[in-house]
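Following: one structure in structure tokens, then a few remarks.
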Amino acid sequence: MIQPPRPDEYAEYFGRYIQRVPPESDIFALFATQPDELRALLQNITDEQANRRPAPGEWSIKEVVGHLNDVERIFAYRLFWIARGDTTPLPGFEQDDFVRGTDFNQRSLSSLIDEFSHQRQANVLCFTPLTQAEIDRRGTASRGPFSARALLYVLVGHVIHHIESLMVDYNVKGIS
């Protein structure tokens with residue numbers, strides 16, 4: 001079992017996601033099941049409903065899922081980079097610019113969820129066999145420290161954060 005990262009393994013901002021991962025969790029089990037959890041939560045949401053914003057300036061549900069896809073790609077790349085031992089600092093990114101850079105609302109919700117599921121499946125296959133030494137490796141991204149372990153936790157915690165947001169801020173109830 002992979003232990004949670006220590007605070008010196010990540011930039012302080014990302015602790016908000018790491019802390020969402022339940023203690024004593026099997027991080028790879030959570031990693032593997034989150035696509036199904038997201039699909040179950042959103043299965044009764046129509047494309048029209050998924051295009052609506054809960055408030056001015058907020059993202060639509062499709063934009064939230066598109067954002068999850070963007071972050072999955074970016075943070076998985078960071079994790080891969082660091083786990084392979086490259087210490088070249090990696091740049092940050094502005095999430096709002098990425099969401100504005102495309103129109104997720106033109107896509108179907110199911111295609112966005114499928115994209116997340118396939119990305120995550122590929123990441124499970126890539127990261128599950130990491131050795132302890134690879135998981136312990138450290139690098140720099142967004143001008144802050146990261147271990148590969150911390151990035152695994154950030155990926156899982158980030159999805160937990162947005163699933164909670166969809167349930168609370170967007171009033172999505174999921175399956176009954």
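Things worth noting here:
- Residues in the stretch 94-115 that a label on residue 53 would reach, taking backbone N under 17 Å of a point 7 Å out along Cα→Cβ: 95-107
- Here the extension length gained between residue 73 and residue 107 equals 10.4 nm, from 0.36 nm per residue of separation less the Cα-Cα distance.
- Percentage of interatomic Cα-Cα distances in the stretch 123-176 larger than 16 Å: 57 percent
- In summary, the helical segments of the chain meeting the span-like criteria, namely a full DSSP H run, a Cα extent along the axis of 24 angstrom or more and a mean Kyte-Doolittle hydropathy of at least 1.0, are 148-168.
- Added length on full extension, which subtracts the Cα-Cα distance from 0.36 nm per residue, residue 44 to residue 126: 26.4 nm
- Mean ellipticity per residue at 222 nm, deg cm²/dmol - from DSSP H runs of n ≥ 4 across the chain, formula -39500 (n - 2.57): -17500 deg cm²/dmol
- Comparing 95, 19, 121 in a Gaussian network model of the chain where C-alpha atoms under 10 Å apart are linked, the largest mean-square fluctuation is found at 95.
- Per the Cα gyration tensor, the stretch 91-140 maps to an equivalent ellipsoid with semi-axes of 29, 18, 4 Å, ordered largest to smallest.
- With N as its number of residues, the stretch 16-59 has a Cα radius of gyration that, divided by 2.2 N^0.38 Å, comes to 1.57.
- GNM flexibility winner over the chain from 64, 156, 99 (Cα, springs under 10 Å): 99
- Cα extents for the stretch 15-114 along the principal axes, largest to smallest and rounded to whole angstrom: 44, 31, 23.
- Between the residues 79, 25, 110, the greatest Cα displacement towards the positive end of the dipole of the stretch 7-168, with unit charges on the Cβ of Lys, Arg, Asp and Glu, is found for 79.
- Per DSSP, loop GluC sites (Glu not before Pro) in the stretch 1-96 with at most 15 further Cβ within 10 Å: 24, 58, 94
- All Cα-Cα separations within the chain were binned at 10 Å from zero, giving a P(r) of 10, 38, 35, 15, 2, each value a whole percent of the pairs.
Just so you know, all these numbers are worked out from the coordinates, no wet-lab data involved. Computed from a predicted model, the values in this text were never measured in an experiment. Please note: Cβ atoms are built from the backbone with ideal geometry, for glycine as well, and neighbour counts cover all protein chains shown.
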